[in-house]
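The values are calculated or read from the model by the stated rules, or taken from the named source; none is laboratory data. Keep in mind that what you see is a predicted model, and the values were worked out from it rather than measured. In this analysis, Cβ positions are derived from the backbone assuming ideal geometry, glycine residues included, and neighbour counts consider all displayed protein chains.
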Amino acid sequence: MLSGTGQSKFLRALLVASTAIVPVCGVVSARAQTTAQVTAFNIPAQPLAAALSAFANQAGLKLAYPASLASGRTAPAVQGSYSSNEALRRLLSGTGLSHQINASGTVTIADRVSSAHAPVAADGSLMLGVIEVLGGNANSAVYAPYATAAATAHIDEATIERYRGSDPTDMFRGMPGVASANARNGSGGIDMNVRGMQGLGRVVTKIDGSSNSVTVPQGYQGYSNRTFVDPDFIGGIDITKGSDAASNGIAGTVSMRTIDAKDIVEEGKRFGFRVKGGFGTNSSKPTPGAFGGYQFPGNAWSPPVATPSPDGMDRPSFLKPTNGHGSAVAAFYDEKYDFLVGYAYRKRGNYHAGKNGPVAKPYKSGPRELCNSWGWCTNWPEYVEVGGIANYRPGEEVLNTELETKSTIAKGTLRFGDGQSLKLGYTGFRSEAGDQISWRMQTNRDRPVQRDQTSGTSVDTYTARYKWQPEENDLIDLTANAWLTDMELRKPWNRGTRTWPTPDQFGLPMDFRTGSDVLMWGLDIGNKSRLDTQFGDVNLDYGLSYNYMTTEPSAYTDELSGPYSAYGNKKELGAFVKANWKPIDWLTVDGGLRYDHYWTQDKRPVGPSHYIENSGKRSAGGLSPSLGLTFEPFEDTQIYGRYSYALRTPSLLETVSGGIAVSTITDIEPERASNWEFGVNHTRQGLFSADDRAMVKLGYFDWTIDNYVARHVGYMPNGYFGSFMYNMDKAKFSGIELSGRYENAGFTAELSANYYTNVEFCPKDTGCANETIYSDFATNQVPPEYMIGLSLSQKLLEDRLTLGGRVTHVGPRAAGHTNIDGQGAGQFISLIKWDPYTLVDVFAEYKFTDNLTATFRVENLTDEFYVDPISLMQRPGPGRTFYASMTAKF
């Protein structure tokens, strides 16, 4: 109970003054709103305290209530567009609590029985219990995974700002079971890997419900799957590991939300403006034609000397600004409509590697016999070893890592009567990057060379979202989405291929760039219904989706680089239904069923000049069922189990010729994933003190992917020798994941860890083994065997100063790699090696005012020399880098 101290008297007076309603058990202070104002909510079924926290965040409210009020109570899922009145009614149904929103926008939550008999002090104020205060702009979504009975994770906007790193992929560092691949060669894109699976649609990555994912071939080394978005425009990231009936991603779904007007406009205002700007260090302007590392002897008769490059060792001083970024966003918010526009720009030269670790240190190893895959052997009288994991010296400039991006965003929402709204949006992304084809840097002996041209990416995405949620209607929560993405990818034509003509032979400039054009669009419609039955509440979620994608070589690409670019289209239709049934307070049963069907068509011309065969038309489909149980034997504790048998239809580039392999003339069966998930969530209030909070999420998964699609190298049915796609018997992944969070008096600690208990690949003729197949793309998709991360932060000086840091340790590969087999083929894909390493990042934030914040970061504090896991080239990551930025809101 609140005591009679001056502080408690002030709090009681404040509560009474802000409500003017007696009796009261809880108070919410917010921007003025009416019951007709609609907000998009996505709150899973969970304990009431966590649900109210999510509600406060998503509704933009500040909520205060006695902590005991929510103890032992649970709330159903609230997903869809609702007024605050209707959302609270649904959350509080069955709890014995009531709420009221008065004309001024004040919200009260009360116990229907005890509030009528609440004691009143002599001064007229209420005697309340311990008050739980939740800020509407707080990062309450970070609590949601600990109250969600599934393998989920969340990255909030504050974490993105504190640990954004040198590339967008660094946002995902330290997430158990989740990583972004090809971190240092992605043109500013992200390539999601979930539990060892990536690309080809295995992980669905969405931005505001739309997709701009594109697969970029990387020569013999495979492909990278890229999604483009600027970190300044991300409001939060939700990750689901494993399949879900509402998504066709069998390994997981990554949903990114861009900022809305509510994120910019402050409470009580209609206009808002946010400006961000900053600089970074540790980079240099690229010099075309510059060499890096060492030139090693090219044959056995060359002098056994490693010759260092004269370039790349002029690393700037630690605090010297060498790159920068900035963004500006303006927004307007009203109960009837809102809009937002923004622009972001960032530019960086080539970064420099760290100094401490397995850098290149050439040494003579004595006589050695080397044999190639064709059986030719050579005796070297004195062989020179690299002496490191990459051909770079300590602190050296890492060539072809420059990046320049320009991003735009525009969004607007109209809210009509009867719970209807229409949101229109546009995002644009342009990048020029030192995007080098990976097979040119596939070993630690390959010598880096700075290209004289960058690769370009252009992405335009348009979205439209309609929602209809009538008040006090449990049967209609309708959402309809439409989106379209237009993409262009350009790269310098392949000068190293002598058999193809040069641009000037077609009247083109010599700096002409080739590439591909991609167009994709989609439609989906869904509805949520809630049924109150005598056997318990039932929540239904069901819908339809249709996606279309077409890709073709850009002008003169086939003529200059050969007929190796994909040329075809894919259509995919999906339908799903999910049900959530809570027959008793401590048991929840959920199930789902999804159907997918696809059609692809190879549009490549057939003729004597194109020896790659047209694969024609293909189609297939199937059902994906799922079932789960959640037990809540104790307060704030969930024990859950899930099983799904999910289908992945082949991607466009697996089914048309010239895609990610030379040919796809073999029939590809859809992959089938048998996914088991088991986990425990627990939240504890008052662990070490009355005001602290601790939460933990522990899970185990066991996946078996039948018909796992892989690449094979050998003689194809048409007699040509090359690479083609096929189905191996299966692949297996299993492991343990741990997440934990502790909060107390401004101190926050987050622990994350994962360990793979098994990773196996199973060809049909040899059985399963803990190793990848020598020619398969999975060679460089295997994650580290273990990872552990710890983040700490402390608020000081009345919460104006926040100090913190993160330590991440990455272990060795979770699987080995098969040697070249007996087919006479070369090493068509090279294993990119990394050594276990530890990275330390620190930050400091200071709020000069509520609207002006300075942020200082040091990435890779110990200047570690390392190569990122799940990469396609032997390229080190950035060394110690200092960043400083300012954020102002008006």
Consider PHE678 carefully, then state whether it is at pLDDT below 90, more than 17 Å from GLU552 (Cβ to Cβ) and of a type in the set (Phe, Trp, Tyr).
-> no
Just one of the numbered conditions (1) within 19 Å of GLN450 (Cα to Cα); (2) in a loop (DSSP other than H, G, I, E, B) is not true of TYR351; which one?
-> (2)
Out of segment 395-429, which residues are outside any strand (DSSP E or B) and surrounded by fewer than 20 Cβ atoms within 10 Å (Cβ to Cβ)?
-> PHE416, GLY417, ASP418
Just a yes or no: is a residue in segment 756-772 among the small types (Gly, Ala, Ser), within 26 Å of THR443 (Cα to Cα), crowded, with 21+ Cβ neighbours inside 10 Å and touching a strand residue (DSSP E or B) at 6+ places or on another chain (Cβ under 8 Å)?
-> no
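Residues checked against (1) farther than 18 Å from TYR223 by Cα; (2) modelled with pLDDT under 95:
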residue: PRO501; (1), (2): yes, yes
residue: GLN505; (1), (2): yes, yes
residue: GLY515; (1), (2): no, yes
residue: LEU519; (1), (2): yes, no
residue: GLY522; (1), (2): yes, no
residue: ASP532; (1), (2): yes, yes
residue: ASN539; (1), (2): yes, yes
residue: TYR548; (1), (2): yes, no
residue: PHE576; (1), (2): yes, no
Restricting the search to segment 706-747, which residues are within 23 Å of ALA158 (Cα to Cα) and either surrounded by fewer than 17 Cβ atoms within 10 Å (Cβ to Cβ) or at pLDDT below 95 (or both)?
-> LEU738, GLU743, ASN744, ALA745, GLY746, PHE747
State whether the residues of segment 842-857 include one that is more than 22 Å from GLY177 (Cβ to Cβ), of a type in the set (S, T, N, Q) and crowded, with 18+ Cβ neighbours inside 10 Å.
-> yes
Considering VAL265, VAL275, which residue is under 30 Å from ASP338 (Cβ atoms) and either among the basic types (Lys, Arg) or at pLDDT below 95 (or both)?
-> VAL265
Any residue in segment 438-453 that is in contact (Cβ under 8 Å) with a residue 12 or more places away in the chain, surrounded by fewer than 21 Cβ atoms within 10 Å (Cβ to Cβ) and among the aliphatic types (A, V, I, L, M)?
-> yes
Could you please find all residues in segment 208-239 being in a strand (DSSP E or B), under 16 Å from SER431 (Cα atoms) and not polar (S, T, N, Q)?
-> VAL214, VAL216, ARG226, PHE228
Is it the case that ASP244 is at pLDDT 90 or above, not in a loop (DSSP other than H, G, I, E, B) and not aliphatic (A, V, I, L, M)?
-> no
Answer residue from segment 129-163, given it is modelled with pLDDT under 85 and part of a loop (DSSP other than H, G, I, E, B) and is farthest from MET886 (Cα to Cα) among those | GLY129
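I need the full set of residues from segment 497-546 which are assigned to a helix (DSSP H, G or I) and either within 29 Å of LYS467 (Cα to Cα) or not assigned by TED's automatic domain parsing to the domain that holds TYR564 (or both), in order please. Outline the logic, then answer.
Just the residues of segment 497-546 that are assigned to a helix (DSSP H, G or I), to begin with: 503-506.
Within segment 497-546, no residue meets the criteria.
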Quick one: what pairs do we get from segment 631-660, first residue over 21 Å from PRO583 (Cβ atoms) and modelled with pLDDT under 85, second of a type in the set (Gly, Ala, Ser) and not in a loop (DSSP other than H, G, I, E, B), C-beta under 6 Å, 6+ apart or different chains?
-> VAL656/GLY568; SER657/SER663
Flag for VAL204 being touching a Leu at 6+ places or on another chain (Cβ under 7 Å) and assigned to a strand (DSSP E or B) = no
Those residues of segment 829-844 which are touching a Gly at 6+ places or on another chain (Cβ under 8 Å) and charged (D, E, K, R), in sequence order | ASP835, ASP841
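Listed here are the residues, each with its yes/no results for (1) in a strand (DSSP E or B); (2) under 25 Å from PRO783 (Cβ atoms).
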| residue | (1), (2) |
| --- | --- |
| ASP835 | no, yes |
| LEU839 | yes, yes |
| ALA844 | yes, no |
| PHE848 | yes, no |
| ALA854 | yes, no |
| LEU861 | no, yes |
| ILE870 | no, yes |
| MET873 | no, yes |
| ALA884 | yes, no |
